[in-house]
Amino acid sequence: METIKLIECPRDAWQGLRKLIPTNAKVGYLHKLIELGFTHLDAVSFVSPQHVAQMADSEHVMESLSATSVLAAQHPARQQNVEMIGLVLNEKGLERALSTPGVTTLGYPYSVSANFRRQNANMSQSESRTLVERILRATRAAGVKVVVYISMAFGNPFGEPWGPAVTAEALSWLEGLGVKTVSLADTVGVATAQQIGDLYREVRRNAEGVELGVHLHSRPDAAAEKVIAAYEAGCRRFDCALTGMGGCPFAGDELVGNIPTEVATSALAARGVSAGIEPWAMLAAVEATQEMRREYTEN
């Protein structure tokens, strides 16, 4: 079977839960996912605890995961092959991430929306681009990988210009800097499957040296068709979250969440495409996630 790269996003999912999850519960959940075969995890973010309290313990999560990993003792080669992504928004976050053990990849959301950029990171385009350049210099020196998310790539609720030309310009700039991995984000879930496929197909023509993925948000009933649209346009890297937990608070629609991992993998499997996770393992991962949702969702 053809395979795709699946990036599981517990970090994004956890930020959607208002009840704080204890560090040991996060560590246990990440252990579970690794044991079940998930090899790319968007695990933590290094942002201000005042803005995202759920991520205040990111250093402790990674330190505990590294120090207590049963998997590392039993299957050292497998542990070494697990990618752990830490999101950063500014210089302080960059410093924190680079000093935290176990973070193999830094993620940075570069927004093509001026309004979203201001609301999410309080930066101008110039300031954001300067930070990307700083991130690249620092990560190269540290031997850490980078993934840049182009936020609002598929549209936004602010009435700002968007489309293939806007996204392609940002992608071309990133490629020129040497960024090797980029994920196009439908940050607020406004795009149709047709729009996703059309835009992805158009911009990938000028990014042959980039691994180009998608981080989509959607209402549950449209999730599968959006994944297939991206796949048919050539995408082979998908960010998802088990049970569709989490999403973007700017969406303004409580039904818009992350693409459910189990929906994405099922839709792709019907096309003869594998995400590398056995069906029994996916079922166990869904059950573990549902348990976490029940435990840490406010009543």
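By the scheme Lys and Arg +1, Asp and Glu -1, what is the net charge of all other residues having a beta-carbon under 12 Å from that of Y110? The partial results should precede the final answer.
Working: positive: R117, R129; negative: E127, E133, E169.
Charge balance in the 12 Å sphere: -1.
Is there a quick way to get the dipole size of the chain? I mean about its Cα centre, with the Cβ of Lys and Arg at +1 and of Asp and Glu at -1; what is the value in debye to the nearest 20?
Dipole about the Cα centre, nearest 20: 500 debye.
Treat the count of other C-beta atoms within 10 Å as a stand-in for reagent exposure and order K145, K19 from fewest to most. Can you show the working numbers first?
Numbers: K145 16, K19 10.
Starting with the residue having the fewest Cβ neighbours, the order is K19, K145.
Residue farthest toward the positive end of the dipole of the chain, with Cβ of Lys/Arg at +1 and Asp/Glu at -1: which of Y231, N258, V166?
Towards the positive end, the residue furthest out is V166.
In which sequence would I259, I4, I34 go, from the one with the fewest C-beta neighbours within 10 Å to the one with the most?
Listing I259, I4, I34 from fewest to most nearby Cβ atoms yields I4, I34, I259.
List F154, F38, F116 from most exposed to least, where exposure is judged by having the fewest other Cβ atoms within 10 Å.
Ranked by crowding around the Cβ, least crowded first: F116, F38, F154.
With a sphere of radius 14 Å drawn around the Cβ of D239, what net charge do the other residues whose Cβ falls strictly inside it have (Lys, Arg +1; Asp, Glu -1)?
Charge balance near D239 sits at -1.
What's the local net charge at W280, with K and R +1, D and E -1, over the other residues with C-beta under 13 Å away? Don't jump to the answer; show the numbers that get you there.
On the way: positive: none; negative: E35, E262, E278, E287.
Spelling it out: positives minus negatives among the neighbours equals -4.
Please work out the FRET efficiency for the pair R293 and Q125, using the Cβ-Cβ distance as r and a Förster radius of 30 Å; give the result to the nearest 0.05.
Computed FRET efficiency for R293 and Q125: 0.25.
Just from its helices, what would the mean residue ellipticity at 222 nm be for the chain, if runs of 4 or more DSSP H residues each count -39500 (n - 2.57) and the sum is divided by every residue, rounded to the nearest 500 deg cm²/dmol?
Taking each H run of at least 4 residues, the total per residue is -13500 deg cm²/dmol.
Can you give the FRET efficiency to the nearest 0.05 for N81 and E133, using r as the Cβ-Cβ distance and R₀ = 22 Å?
0.15
Each reported figure results from applying straightforward, stated rules to the coordinates on display, with no laboratory input. Owing to the predicted nature of the structure, the values given are computational and were not obtained by experimental measurement. Here Cβ is always computed from backbone atoms with ideal geometry, including for glycine, and neighbour counts include all displayed protein chains.
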